[in-house]
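Working notes, beginning with the structure itself.
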Amino acid sequence: MFKMTLLWKLLSDPGVLRKAGCLGLGVSHKYLFDSYLTTRLVRVSKKNRATLVGLRHHATKAIESDVLTTVAHSAKRTKKTSELRNLILLAAPEKWTLMQAIAFLLVSSGVTMAVPFCFGKVIDVISNTKKEDMKENLNRLTLVLLVVFLIGGLSNFRRVYLMSAAGHRITQSLRRQAYTAILRQETAMFDKGSTGELVGRLSGDTQLISSAVTSNVSDGLRSAIMAVTGVSMMFYVSPTLALLGLAIVPPVVAVAAVWGRVLKRVSKELQNSVAVLNATAEERIGNIRTVKAFAQEEREIDRYCGKLRDVLALCYKESLYRGLFFGMTGLSGNAIVLSVLYNGVFMVSSGDITIGSLSAFLLYAGYVGMSLNGLSTAYSELNKALGANARLFELINRQPLIPVQGGRVLPKELSGNVAFRDVSFAYPTRDTVPVLRGFDLNVNECSVTAIVGLSGSGKSTVASLLLRFYDPTKGSILLDNHDLRLLDPAWVKSQISVVAQEPILFSCSVRENILYGMEGASDADVLEAARLAHVLEFTEKMTDGLDTIVGERGIALSGGQRQRVAIARALIKKPKILILDEATSALDAESENFVQEALERAIRGRTVITIAHRLSTIKNADKIVVLDGGRVAETGSYAELMALENGHFKKLVKHQTFT
């Protein structure tokens, strides 16, 4: 009964759909009517239920088809509108500056458009005035024009200055938004994308967009004002010549509208190709030592040149379209001037207009031609900016799957109890290859747990999940019996420190790299952390001590020195949980001895999870967890595991997996 009533309402009152939020939905009345009749017939005979089902199916399919078509068209229109709306909203904070700039633009454009009229008057003064009065009239007219031109020059200066200043501020705001959005994304996004592409969006796209909403808008408005004023003055001087000259404008505008869409698509392809080029260069230059170690300079040059050829092919394509577009608009402008000149000569000879009026008209026609060219340039740049805007705001509007902050903050600090409950995980870039399967682990507070296993068994993945670089695809991770996903990530990470297998340092001093672990730490804290990690052992031999610049990625330091700085950076935070991802792997025997002593002092009162391949580290652990195929194969102390006759750990030791 309910279905039939609803069907009757849809049939008799299509407004029901609009009330339900389905504006513009074109529902097929034929199928609705058939379905309604069938429903009525069923009340008379219940033997035709199969027929009803069939017709109802057709009616549903018809509605679904109409809905999907309408939604697709609506989404396309909404996307285009939202791109333009986003571009306009960028200029909203600078509205008062832009309004001032537009006011000065109106003044300077008015001065510019007064030139042809005044020029025509000068010609008429010269032609029609007596010689004795001509000089006086000409001096007076020239003086007035000089004052007007000075006003126009000052107005133009203010327009350009205000637009440029607003553009710089918009660029700064865009870059801040984009950089903030990039850093707030989850780690998985960086696994899929390249650094060079993100940097390209941060630099090139932001500059292109800010120019579009400031300088390009200014030039476009100037061209529009000049075109409207020029056309108006053309009709004022001679309506006949104006109609003749402007007959070519409508087809040019129609072609420009179509051409703009093509340019936008090509421009977006070009920007994506340039992003790939930047990514290639950034990656190779960033790993220049690897390139040189394998003597791959020529290969990398060939690779980069291949990417350049791809970009150049798109540049040629864009140049072709732009050339055709601007060639057409330029030809239309010249055609206006030629037609006006040809017919104007006959009108002057017949006395319909004066030579000065014809000269002014020709200048206005030339200005209109230049304005059309300016408008086409502005339209072309706008479409390029829309392409860049779509790419940039796709990043800015992207919601991270794992938030940077937000969630529950416990009333007291973590004690250090960690539990993995039936955790399964696969990296997003290879989600069909599980790394952990039903992984269970309990780590007690103030204990040292060593995780060992063959390469690829999931050891480092355990650390990544605890730091919440990723979330498990199944199961949960508990800190003090609280689900990690429900806790504030920033609060959790303030109590966890990590020393990675390959520590990365920033291009600043040793002191600043240590302070990166805890902002606002005192000099005494820095010195204590440096002493614990044996950083002072080598910095005291350097001229600048802790203020020594380490170079890009810490390249000025040895591997062992970088590792010790990374350990000091972890210790300065005084964490409750310390993760050592093969932290001593890059150290020689002497350095390892120093760090081992430091770690023995540092682990007191802390939970330590160490991913190790050194027997010296493993032997001192309270518990050893052996991973095999993403699962816990064995758990126990060193002595307990070595006592197992055919144990996995014993096999690892026997095959010299550890050193």
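On the stretch 418-658, 48 percent of the accessible area sits on carbon and sulfur atoms, based on a 1.4 Å probe. Per atom type, the stretch 184-296 shows carbon and sulfur on 66% of its accessible surface, probed at 1.4 Å. Reducing the stretch 145-218 and the stretch 457-523 to their Cα centroids gives an inter-centroid distance of 35 Å.
Segment Ser319..Ile355, full-extension length gain: 8.9 nm, with 0.36 nm per residue of separation and the alpha-carbon distance subtracted. Looking at the stretch 418-658 alone, DSSP beta bridges between its own residues are antiparallel in about 50 percent of cases.
A crude spin-label estimate for the pair Leu138 and Val404, with each label 7 Å from Cα along the Cβ direction, gives 6.9 nm. Loop-resident trypsin sites (Lys or Arg not before Pro) (DSSP state other than H, G, I, E or B) in the stretch 407-442 with no more than 14 further Cβ atoms inside 10 Å of their Cβ: Lys412. Using the beta-carbon distance between Asn334 and Arg261 and R0 = 25 Å, what value does 1/(1 + (r/R0)^6) give for FRET efficiency, to the nearest 0.05? The value I calculate is 0.45.
Ranked by the mean number of other Cβ atoms within 10 Å per residue, highest first, peptides 320-330, 262-272 order as 262-272, 320-330. In this structure, Met542 and Ser203 have a Cβ-Cβ separation that, at R0 = 41 Å, corresponds to a calculated FRET efficiency of about 0.75. The listed peptides 372-381, 146-155, ordered by packing as a protection proxy, come out as 372-381, 146-155 (highest mean of other Cβ atoms within 10 Å first). Accessible area per residue for the stretch 324-482 in Å², computed with a 1.4 Å probe and the full protein assembly in place, what is it? Accessible surface, normalised per residue, equals 44 Å².
Each Lys or Arg adds one and each Asp or Glu takes one away; over the other residues whose Cβ falls under 14 Å from the Cβ of Ala178, this sums to +3. Protection proxy ranking for 561-568, 225-232, 447-454, using the average of other Cβ atoms within 10 Å per residue and placing the highest first: 561-568, 447-454, 225-232. Its relative contact order, with pairs defined as Cα atoms under 8 Å and 6+ residues apart, puts the stretch 418-658 at 27 percent. Given the pairs Lys192/Lys384; Lys576/Lys654; Lys541/Lys576; Lys192/Lys623; Lys541/Lys654; Lys459/Lys654, which are separated by over 30 angstrom at their Cα positions? Pairs exceeding the cut-off: Lys576/Lys654; Lys541/Lys576; Lys192/Lys623; Lys541/Lys654. Between Glu394 and Ser194, with labels modelled 7 Å along Cα→Cβ, what's the label distance in nm to one decimal, could you check? The answer from the label model is 1.5 nm. The simple spin-label model puts a point 7 Å past each Cα toward its Cβ; for Asp302 and Ile549 those points are separated by 3.7 nm.
The values are calculated or read from the model by the stated rules, or taken from the named source; none is laboratory data. The shown structure was predicted, so the numbers you read here are calculated from the model rather than taken from an experiment. All Cβ positions, even for glycine, are placed from backbone atoms using ideal geometry, and neighbour counts span all protein chains on display. We work out accessible area using only protein heavy atoms, side chains counted, and drop any ligands, DNA or RNA first. Shrake-Rupley method; radii C 1.70, N 1.55, O 1.52, S 1.80 Å.
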